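To start, the structure itself, in structure tokens.
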Ligand code: AMP
């Protein structure tokens, strides 16, 4: 695996490959890699001539400074996992490579309602930061395909919107959420949980699964409030449990029995904020 640290070097290297007609797939990450990330790398490898992974803990997407400071860093383990997975190229830039002019938001991405609901509402500025970094990374890497995880459902929608806004030809590929046996969605932030909190955290998936099982056409309010109550009783501080239109993320209070639905949760255990989501209807698996 080749490791690049500067934007110009990786850009020039990949440009040569592109000129030879090779297809490049790209998996952006913030490191502290786990099997969820690796599943994206495996798809990327299978479907492209060159697989590129980036590791960059992007300061502009953290609305909470403490969360940024405590974000887990495991570069040696990451490199070894990527080597085992057969990744071709790793890009590990310093902040100055991504934001050469300093961190000055120079542009506002028009994300519409995506910016005001769920993560957009509870993490002001988060998606502008995500767009800033992905826009910049796409300019540097210039891939044919971009690999994201469904675990960050709203982020996938935001990036689809970014690609539209920038008239990008990059093909977006969404991978399924990888989970622990307990149902807990794999996440770099799970390493910050105590063993006890880690087993408590499995409750998020249990609650999502119950929503799926109990879903019937009609009013959804009591189902949603019951889910919040269950999480609170299990020791969570809940930001939201939302049953939403899978295509828009608009909350659905009365279900017609047809509209594809997704349930999304964000909740704190101690200082650690966890998010997860689950398709509630058969055809909500497509973003
Ligand atoms: P992150 O390092 O958290 O920024 O995540 C990098 C990419 O990995 C994003 O596209 C995430 O959605 C994806 N990802 C994170 N956790 C999982 C998971 N448990 N299963 C599948 N993909 C994931």
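The values are calculated or read from the model by the stated rules, or taken from the named source; none is laboratory data. Nothing here was measured: the structure is a model prediction, and the numbers come from that model. All Cβ positions, even for glycine, are placed from backbone atoms using ideal geometry, and neighbour counts span all protein chains on display.
Determine whether the stretch 242-251 contains at least one residue that is within 29 Å of residue 72 (Cα to Cα) and crowded, with 17+ Cβ neighbours inside 10 Å.
Yes, the stretch 242-251 has at least one match.
Can you pull out every residue in the stretch 233-258 that is free of Cβ contacts under 8 Å to residues at least 40 places away in the same chain and in contact with a strand residue (DSSP E or B) (Cβ under 6 Å, 6 or more places away or on another chain)?
Across the stretch 233-258, the qualifying residues are 236, 237, 238, 241, 243, 252, 254.
Can you tell me which residue in the stretch 137-148 is nearest to the ligand (Cβ to nearest atom), limited to those that are part of a helix (DSSP H, G or I) and closer than 21 Å to residue 41 by Cβ? Give the derivation first.
Going through the stretch 137-148, the residues part of a helix (DSSP H, G or I) turn out to be 137-141.
Filter once more, so that each one left must be closer than 21 Å to residue 41 by Cβ: 137-138, 140-141.
On the way: 137: 11, 138: 14, 140: 17, 141: 14 Å.
Filtering the stretch 137-148 for residues that are part of a helix (DSSP H, G or I) and closer than 21 Å to residue 41 by Cβ, the one nearest to the ligand (Cβ to nearest atom) comes out as 137.
Where the second residue is within 12 Å of the ligand (Cβ to nearest atom) and modelled with pLDDT under 95 and the first is closer than 20 Å to residue 43 by Cβ and lies in the stretch 149-165, which pairs have Cβ atoms under 8 Å and are six or more apart or on separate chains?
150/287; 153/287; 156/287; 157/287; 160/287
Identify, please: which residue in the stretch 38-48 is touching a helix residue (DSSP H, G or I) at 6+ places or on another chain (Cβ under 8 Å) and closer than 22 Å to residue 183 by Cα and is, among those, farthest from the ligand (Cβ to nearest atom)? Steps first, answer last, please.
Step one: of the stretch 38-48, the residues touching a helix residue (DSSP H, G or I) at 6+ places or on another chain (Cβ under 8 Å) are 38, 41-42, 45.
Among the residues that remain, those that are also closer than 22 Å to residue 183 by Cα are: 38, 41-42.
Values: 38: 9, 41: 9, 42: 11 Å.
Top of the filtered list is 42.
Here is a list of conditions, (1) closer than 22 Å to residue 51 by Cα; (2) more than 12 Å from the ligand (Cβ to nearest atom); (3) part of a helix (DSSP H, G or I), and residue 121 meets all of them except one; can you say which number that is?
That leaves (1) as the condition not met.
Name the residue, out of 151, 173, that is within 7 Å of the ligand (Cβ to nearest atom) and not in a loop (DSSP other than H, G, I, E, B). Spell out how you get there, then give the answer.
Working: 173 fails: within 7 Å of the ligand (Cβ to nearest atom).
So the residue among 151, 173 that is within 7 Å of the ligand (Cβ to nearest atom) and not in a loop (DSSP other than H, G, I, E, B) is 151.
Could you please find all residues in the stretch 202-222 being surrounded by 19 or more Cβ atoms within 10 Å (Cβ to Cβ) and out of contact with any strand residue (DSSP E or B) (no Cβ under 6 Å at 6 or more places or on another chain)? Reasoning before the result, please.
We begin by selecting, within the stretch 202-222, every residue surrounded by 19 or more Cβ atoms within 10 Å (Cβ to Cβ); these are 203-205, 207-208, 211, 220.
Those that are surrounded by 19 or more Cβ atoms within 10 Å (Cβ to Cβ) and out of contact with any strand residue (DSSP E or B) (no Cβ under 6 Å at 6 or more places or on another chain): 203, 205, 207.
Just the residues that are touching a helix residue (DSSP H, G or I) at 6+ places or on another chain (Cβ under 6 Å) and over 17 Å from residue 146 (Cβ atoms), please, taken from the stretch 22-34.
31, 32, 33
Tell me the residue from 187, 182 that is within 16 Å of the ligand (Cβ to nearest atom), modelled with pLDDT of 95 or more and within 23 Å of residue 75 (Cα to Cα), please. It would help to see each step written out before you state the result.
Working: 182 fails: within 23 Å of residue 75 (Cα to Cα).
Just one listed residue meets the conditions, 187.
Only one of these is in contact with a helix residue (DSSP H, G or I) (Cβ under 8 Å, 6 or more places away or on another chain), over 22 Å from residue 186 (Cβ atoms) and surrounded by fewer than 19 Cβ atoms within 10 Å (Cβ to Cβ): 5, 19. Name it. Give the steps one after another, and end with the answer.
Details: 19 fails: in contact with a helix residue (DSSP H, G or I) (Cβ under 8 Å, 6 or more places away or on another chain).
The unique qualifying residue is 5.
Based on this model, can you work out whether residue 31 counts as without any contact (Cβ under 8 Å) to a residue 24 or more places away in the chain and either within 11 Å of the ligand (Cβ to nearest atom) or on the phi > 0 side of the Ramachandran plot (or both)? Spell out the reasoning first.
On the way: without any contact (Cβ under 8 Å) to a residue 24 or more places away in the chain: no; either within 11 Å of the ligand (Cβ to nearest atom) or on the phi > 0 side of the Ramachandran plot (or both): yes.
In short, no.
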